[in-house]
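Have a look at the structure below before the remarks.
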Amino acid sequence: MQDGCGRTIDYLRLSVTDLCNFRCRYCMPENGVAKRPHGDILSVEEIVEIGRAAVACGITKIRLTGGEPLVRRGILEICRGLSSIDGLHELCLTTNGSSLSQLAQPLRDAGVQRLNISLDTLKADKFAQITRRGTLSDVLDGLKAAEAAGFSDLKLNTVLIGGFNDSEIADFVALTREHPWEVRFIELMPMGECSLWDEHCFLPDSTVLKSCPELQPIENCGVARRYRLPGAAGTVGLISPVSHDFCGECRRIRITSDGKLKGCLHSREELPLRGLHGIELEAAIRRGIAQKPPRHHLTDGGSDTPRDMNEIGG
Ligand code: SAM
Ligand code: SF4
């Protein structure tokens, strides 16, 4: 369906947990988040019911996110339930990749069609530093397991952080020579944990093109402006919520793990969905879509959301 600004909304990002086994410095506090009582987060059944209602409202693509979706108990059941909804064309999942060695094949079997794997550095010591508790080799093993399970068009999400990984841009881009992956550089958004970081940490996407002038533009895909190295198997995507906001083309809504619909990652407004069923649930989702804010205010006042990224679902 269309929102109040005439944008077609067909993409739902659904957070299944705000917990995570990593503590990425820009995303989560060092001590993590307090574990909520079990009943505070959506149950498997509620998630599938909300997914079904969202599809009835015109959603055709769902991405599961978090927190880390693969630490959520019942994640395979959730995937099986959502992937069997008539009218859902795509079920995707964004993960830090650390559990894919064990879970890539079961996720594939449960109906997940695409994976985005987050990876901010290719150096083991820096990986441990940015994630505070992750191990690079687990994620690299996870990438291999994902490919072996049939996830051939993997996307790697790399958040650009000045002074941390700008020296590795060329190494990430070089991965696309051999691998049919899309390496996506994402501009760091000043919110939550990193909202007060020094200015030099926030790099515009043009940094990538300056580091790799041989990149050639190809057709865009969704919100990503895309490039390819001559003859490369894979592609490079630039996701630029700060320097080139894509609000005018945004097709997304979000639902938090505690069941609140958000029209925009950065907005304060949330519409509670828990306890609603059938026509009432669909009506609430339609209301949330109709009220989606026209744009965010990251560059003129900052993010309005009081939540950290792990709570909303990146
Ligand atoms: N745990 C999963 C993961 O890391 O892929 C899924 C959730 S995570 C919040 C989703 C994505 O948001 C990750 O690629 C992460 O790097 C990105 N992210 C988190 N905080 C961000 C920020 N302030 N600006 C830009 N991207 C951010
Ligand atoms: Fe966890 Fe993903 Fe946030 Fe890192 S970016 S702390 S992996 S939710």
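The values are calculated or read from the model by the stated rules, or taken from the named source; none is laboratory data. Bear in mind that the values here come from a model prediction, so they are computed numbers and not experimental data. Because the Cβ atoms are built from the backbone with ideal geometry, glycine has one as well, and the counts that use them run over all protein chains shown. Each accessible area value is taken on the protein alone, full model and side chains, heavy atoms only, with ligands, DNA and RNA left out. Shrake-Rupley method; radii C 1.70, N 1.55, O 1.52, S 1.80 Å.
Alpha carbon centre of the range 267-293 versus the range 87-163: separation in Å?
The range 267-293 and the range 87-163 have Cα centres spaced 31 Å from each other.
Pairs of Cα atoms under 8 Å, at least six residues apart: use those to get the relative contact order of the range 75-228, whole percent.
Relative contact order comes out at 18 percent.
Among all cysteines in the chain, which have no other cysteine Cβ under 4.7 Å from their own Cβ?
When partners are defined as cysteine Cβ atoms under 4.7 Å apart, the chain leaves C5, C20, C57, C79, C92, C194, C201, C212, C221, C247, C250, C264 without one.
Whose amide H sits under 5 Å from the amide H of R13, counting only residues 5 or more places off or on another chain, with H placed in the peptide plane?
Amide H neighbours of R13: R63, I253, R254, I255.
May I ask you to order 160-169, 268-277 by the average number of other C-beta atoms within 10 Å around their residues, highest value first?
160-169, 268-277
With contacts defined as alpha carbon pairs under 8 Å and 6 or more residues apart, what's the relative contact order of the chain in percent?
The value is 22 percent.
Semi-axes of the equivalent ellipsoid for the range 241-290, please: Cα gyration tensor eigenvalues, times 5, square-rooted, ordered largest first, whole Å.
The equivalent ellipsoid of the range 241-290 has semi-axes of 24, 12, 7 Å.
What size of dipole, in debye to the nearest 20, comes out for the range 11-311 about its Cα centre when the only charges are +1 on Lys and Arg C-beta atoms and -1 on Asp and Glu C-beta atoms?
400
Go through K35/K262; K61/K155; K155/K210 and tell me which ones have a Cα-Cα distance over 18 Å in this structure.
As for pairs spanning more than 18 Å Cα to Cα, those are K35/K262; K155/K210.
Any idea of H38's accessible area? Nearest 10 Å², probe 1.4 Å.
150
Please work out, to two decimal places, the log10 of the ratio I(q)/I(0) at q = 0.14, 0.16 Å⁻¹ from a Debye calculation in which every Cα of the range 11-311 carries one identical scatterer.
Summing over Cα pairs of the range 11-311 leads to -1.11, -1.50.
For a quick check: with amide H placed at 1.01 Å from N, whose amide H comes under 5 Å from I161's, ignoring anything fewer than 5 positions away on the same chain?
Excluding prolines and chain starts, which carry no amide H, the hits are D166.
Projecting each Cα onto the charge dipole of the range 11-311 (Lys/Arg +1, Asp/Glu -1 at the beta carbon, about the Cα centre), which of P29, V55, T158 comes out farthest on the positive side?
Positive-end residue among those listed: V55.
Among the DSSP beta bridges whose two residues both lie in the range 11-311, what percent are antiparallel, rounded to the nearest 5?
Taking every DSSP beta bridge with both residues in the range 11-311, the antiparallel ones total about 25 percent.
Find the relative contact order for the range 140-283 and round it to a whole percent, using C-alpha pairs within less than 8 Å whose residues are 6+ positions apart.
Taking the mean separation of contacting Cα pairs over the length of the range 140-283, I get 19 percent.
Which value, in Å², gives the accessible area per residue of the range 49-167 when a 1.4 Å probe is used on the protein heavy atoms?
Result: 37 Å² per residue.
Ordered by packing density, taken as the mean number of other Cβ atoms within 10 Å over each peptide's residues, highest first, how do 26-35, 175-184, 60-69 rank?
Highest-to-lowest ranking by the protection proxy: 60-69, 175-184, 26-35.
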